[in-house]
Amino acid sequence: MPKHYRPAGKKKEGNAAKYVTRSQAVKGLQVTLPLFRKMCIWKGIFPRDPKKKIKGNHQTYYHTKDISFLHHDPLVDIHRDIRAQDKKIKKAYSKKNKPRAVRLEEHKPTYNLDRLIIERYPRFIDALGDLDDCLTMVHLFAALPTLQNEKVEVKHIHSCRRLSHEWQAYISRTHKLRKTFISVKGIYYQADVDGQKITWIAPHSIQQVLTEDVDFNVMLTFLEYYETLLAFVNFKLYHSINVKYPPMLDPRLEALAADLYALSRYIASRSKEQDNHELASQVDESQLTLAQLQHQLAPSEPGALMHLIEEAETVDEADEETKECRSLFKDTKFFLGREVPREPLLFVITAFGGTISWEGDGAPFEESDPSITHQIVDRPTQNHMFLSRAYIQPQWVFDSVNARIILPTEDYVVGRVPPPHLSPFVDNEAEGYIPDYAQKIKQLQDAARIMPVPEVGNEHQDNTQNIVLDGVADRIEANKAAEMKKKMSAGQKQFHDELKMEVEGVSPATGTIKNVKVTTDPDESDKEQISEHPDMSEMTMSRRKRGLYESIRINKERKKAKVDVIESRKRNIKESQK
C-alpha cells in the first residue's frame with residue numbers, strides 16, 4: 001500500500017488539506033501565472049514552507065484558505081473581463097476593423113485597489129507601520145528618467161514624484177523628521193508619525209540607468225499597490241492638519257521644478273487660514289459664553305471671565321522632541337549654491353525650522369540678503385564672499401540635525417576635509433567602540449545642556465562657539481580632577497591597610513595585602529571569583545543555558561576583535577600622519 005494512500009470518498013487530512021501547490025492554485029483559479037503573481041502581491045499572500053511536503057520539495061506551497069479567498073475576489077473577475085476584452089480588440093485589429101477596436105478600447109473595464117487598502121489595513125496605525133518599503137520604492141521610481149521608450153511609463157514616474165513631494169512636505173511642515181544619514185545607496189531618513197518610526201531611502205540626485213537584470217513587471221505590480229497606499233496615507237495626514245488634499249500648487253513654481261517648495265507654501269498658507277478660522281470661531285464662542293455667564297454673575301464682578309478671550313489660542317500639542325526639532329534652525333537662514341542638491345537640503349532644513357533659498361527663479365530671497373547666516377556650497381573657490389555669513393559644506397546640516405545642536409563650523413569650511421559622517425542608526429555603546437568625533441559631539445551636547453547656548457545670529461555665532469568650547473574644556477578638566485582624586489583616595493586606603501596589618505604583626509610581604517587590587521567597583525571581586533572557577537559555574541548550568549552563555553561569550557569576543565582592528569587602524573593612521 002502506498003504511503004499517502006487515501007481511500008475513495010475520504011476527505012484530505014493534514015498537510016494535504018492545508019496546503020496546495022502553485023500549479024494547483026493556478027489551475028483552480030483558472031488564471032494565468034502572471035495574474036496569479038499579481039493577485040498574491042496585492043492581497044499579501046506569500047508561499048509557505050510546510051514541514052511535510054506532499055508533492056515534493058521542488059514545489060511552491062500556499063495555504064488552501066488563502067487561495068480560497070482569491071476565488072471570491074472581484075479583481076479576479078475584472079481581470080478575466082479585461083482579458084476577454086483584449087481578445088476582442090486583437091480580433092478587431094486582425095480583421096482591419098479599426099472603429100470597432102477603438103470603441104472596444106474606450107469601453108475596456110478598469111479597476112482600482114482602494115478596497116484592498118481598507119481590507120489589509122483596517123487601522124491607520126497598521127498602514128503607517130508598513131510604510132517603509134512603500135516610501136523607498138516610491139522615491140526610487142521618482143528619480144528615474146522620464147523616457148517614452150523605457151520599461152516604466154511616464155505617468156508612474158510623475159505620480160511617484162507627486163506622492164513623494166507630498167509626503168516630504170507634510171513631514172517638514174509638522175517637523176516629524178528625526179534622523180538622516182548619507183550613504184552610498186542614498187540618503188536615509190527616519191520620521192516619527194503617530195508613534196511609528198518610519199525609515200526610508202531616497203536615491204541621490206544623479207541620472208539613473210535602467211538595468212536589464214531587474215524584473216520590472218514585479219516591481220511595477222508592487223508600485224501600483226504602493227501608490228494607492230501612499231495616496232491614502234497622505235490623504236489622512238493632510239486632513240489631520242486641516243489641509244485639503246490633493247493640494248493645488250502654484251503653476252509658476254511647478255513649472256520651475258520647485259514642487260516641494262510649492263507644497264510647503266501651500267500647506268503653510270492653508271494651515272494659517274484654518275488656524276485663523278478656528279481662532280475666530282473660538283473667540284466668538286468665548287464671547288458668547290462670557291455674555292451668558294456674566295449675566296448670571298453679581299454686578300460687582302463684571303470682568304471675572306475676561307481671561308476666556310485672552311486665552312483663546314490654538315493649543316500646541318507637539319511633544320518635547322518635536323519642539324526641539326522645530327527650534328533647531330529657528331533663527332538661521334540658508335542659501336544654497338548651484339552645485340548643491342536642492343531637494344534633500346530643502347526637506348531637512350525646513351523640517352528643523354530653518355529658512356532656505358537658492359539661486360534661480362522662484363527663490364524666496366536673493367543671495368545678497370544681509371540676514372543670511374549660512375551659505376552651503378561645495379566648490380573650493382567662490383566668486384564673491386560675504387563676511388557676515390558662514391560658508392559651509394552640506395554635511396554640516398546633516399551632522400547638526402543628528403546631534404540636535406548647532407555644531408561649530410570650523411571643521412566644515414569649504415576646501416577642508418570634513419569630519420567623519422557618523423550614522424545615527426548605530427549604537428556606539430552597544431558596539432563597544434565610540435569614535436573620537438562622537439565623543440566630541442557628546443561633550444558639546446553636555447555643555448549645551450549645562451549652559452544653554454544663545455541664539456545663533458550674524459554677530460553672535462563666533463561668541464557662541466567660543467562659549468561652548470570653553471564650557472567643554474572646563475568640564476574635561478573637572479572630570480580629570482575627579483579621576484585623580486579618586487585614584488589618590490584609593491592609594492591612601494591601601495597605605496592605611498598596610499600600616500594596620502604591620503601594627504597587628506602581619507607582614508605585607510606575604511602577599512595577602514600587597515597583591516590585593518584595591519577597586520572601587522563592589523562587583524569586581526565577585527567577577528574574579530567566578531573567573532577563577534569558570535568550569536564549576538558552567539557545570540551547574542543546563543545544556544540550553546550553557547549554549548546561550550557560550551554564544552554570548554563568542555559574540556563579545558567578536559566585538560572585541562572588531563574594536564581591536566579599528567583601534568589598530570587608527571593608531572597606524574596617526575603614526576603615518578606624524
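The values are calculated or read from the model by the stated rules, or taken from the named source; none is laboratory data. For clarity, every value in this text was computed on a predicted model and none was experimentally measured. Don't worry about glycine lacking a Cβ; one is built from the backbone with ideal geometry, like all the others, and counts go over all protein chains shown. The accessibility values were calculated without ligands, DNA or RNA, using every heavy atom of the protein model including side chains. Shrake-Rupley method; radii C 1.70, N 1.55, O 1.52, S 1.80 Å.
When the helices (runs of 4 or more DSSP H) confined to the stretch 280-382 are screened for residues that are open to solvent by 10 Å² or more (accessible area, probe 1.4 Å), modelled with pLDDT under 85 and farther than 30 Å from residue 143 by Cα, those reaching at least 2 such residues are found at 307-310, 320-326.
Among the listed residues 53, 27, which satisfies the condition of being open to solvent by 90 Å² or more (accessible area, probe 1.4 Å) and farther than 19 Å from residue 225 by Cα? Before the answer, list the steps.
Numbers: 53 fails: open to solvent by 90 Å² or more (accessible area, probe 1.4 Å).
The conditions single out 27.
For the stretch 175-217, the set of residues classified as surrounded by 13 or more Cβ atoms within 10 Å (Cβ to Cβ), free of Cβ contacts under 8 Å to residues at least 60 places away in the same chain and in a loop (DSSP other than H, G, I, E, B) consists of 186 only. When residue 565 is tested against (1) at negative phi; (2) modelled with pLDDT under 70, only condition (2) is not met. What number goes with the only condition from (1) open to solvent by less than 30 Å² (accessible area, probe 1.4 Å); (2) in a helix (DSSP H, G or I); (3) out of contact with any Gly (no Cβ under 9 Å at 6 or more places or on another chain) that residue 220 does not pass? So residue 220 meets the others, but not (1).
Among residues of the stretch 52-66 that are over 16 Å from residue 40 (Cβ atoms), those with a beta-carbon under 7 Å from a residue that is in a helix (DSSP H, G or I) at least six positions away or on a different chain give the pairs 52/15; 54/15; 54/16.
The set of residues in the stretch 86-113 being closer than 25 Å to residue 69 by Cα and open to solvent by less than 60 Å² (accessible area, probe 1.4 Å) consists of 109, 113.
Residues in the stretch 203-227 that are under 26 Å from residue 344 (Cα atoms) and out of contact with any helix residue (DSSP H, G or I) (no Cβ under 9 Å at 6 or more places or on another chain): 206, 207, 209, 211. Just so you know, in the stretch 56-74 the residues that are open to solvent by less than 30 Å² (accessible area, probe 1.4 Å) and in contact with a Leu (Cβ under 8 Å, 6 or more places away or on another chain) include one that is farthest from residue 112 (Cα to Cα), and it is 67.
Within the stretch 20-55, the set of residues being under 32 Å from the mean Cα position of the chain (by Cα), part of a helix (DSSP H, G or I) and of a type in the set (Val, Ile, Thr) comprises just one member, 41.
Here residue 512 passes the criteria (1) more than 34 Å from the chain's Cα centre (by Cα); (2) modelled with pLDDT of 50 or more; (3) open to solvent by less than 100 Å² (accessible area, probe 1.4 Å) except the one numbered (2).
The set of residues in the stretch 383-397 that are open to solvent by less than 20 Å² (accessible area, probe 1.4 Å) and among the small types (Gly, Ala, Ser) contains only 390.
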